[in-house]
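S.K.: The structure under discussion is supplied below as structure tokens; questions concerning it will follow.
Nothing in this text is a laboratory measurement; each read-out follows from the coordinates by a stated rule. Computed from a predicted structure; not experimentally measured. A quick note on method: Cβ atoms are made from the backbone with ideal geometry, for glycine too, and the neighbour counts reach across all protein chains shown.
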Amino acid sequence: MKTLYELLNVNTNADNKDIKRAFHQLAKQYHPDLSSENSMFLKILDAYKTLIDDKKRKLYNTAQLCEQAKRSPALPNNRVSFAVSLQDLIDLRCFYRKTNGRKSGHFRPKGYDVCVHLTRSELENGSYVKIDIPAHVICPSCGGDRVHCSLCSHRGHILKAVTVPVPIPRNLEDGDMFYLPVRKLRQKEYAYFMIENLYIKIKILQEHIHGF
Ligand SMILES: [Zn+2]
């Protein structure tokens, strides 16, 4: 399947001017009045509407990256190190609730620091890592009904680690950092992530050193 960029015949870093120009050109070619390929016109129109809208474009790019990531090999779990462990994050949340006296509402730290260790060839070939992110998910016992549920203590949701595939951009260097707006990721199952952004630091491994 073609990407929206391929449909409009533009680069992934095309600006709004390029996108408009490409759309007008293709729209002339495939306009329903002039062409029998009505479905093609609708596809182009849809691609244009998504890419010209900054928010929609970012969402689309993130979704694309995740799709690509699933097709490349995942790095072993021991390549990921966390600045704060999952348990620490949960403890921190309890601490936050105590000090703020809040019984309800969600504690969402702005960021979650992660370090990914990989070799240069793994980086250049395109890799992804699976990262566990704490999230509130619908209680598997009561299905969110809350009634007489001991598993979730009538909350309707439980705290659980949800694994998210994170693609590593190929153009990074040792020590570079990038972030993933986790809250924008759509999951199949309902999940309310405890963090907003995942900050990922890149550490390049020397290929001649074994042990990883
Ligand atoms: Zn429950």
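S.K.: Which far-off residues, 5 or more places away or on another chain, put their amide H under 5 Å from the one on residue 119, with H placed in the peptide plane?
M.R.: Answer set, sorted by chain and number: 205.
S.K.: Could you calculate the contour length gain from residue 146 to residue 174, that is, 0.36 nm times the residue separation minus the distance between their Cα atoms, to one decimal place in nm? Write out the running numbers ahead of the final one.
M.R.: Values: separation 28, 0.36 × 28 = 10.08 nm, distance 4.75 nm.
Gain in length upon complete extension: 5.3 nm.
S.K.: Moving on. At 0.36 nm per residue, minus the direct Cα-Cα distance, what do residue 34 and residue 61 gain on full extension? Give it in nm, one decimal, please.
M.R.: Stretched out fully, the residue 34 to residue 61 stretch lengthens by 6.5 nm.
S.K.: Considering the zone a paramagnetic label at residue 125 would reach in this model (a point 7 Å from Cα along the Cα-to-Cβ line), which residues of region 168-183 have amide N under 18 Å from it?
M.R.: Residues 168-172 fall inside that zone.
S.K.: Using 0.36 nm per residue, how much length does the chain from residue 42 to residue 154 gain when fully extended, once their Cα-Cα distance is taken away?
M.R.: Once the chain is fully extended between residue 42 and residue 154, it gains 35.6 nm.
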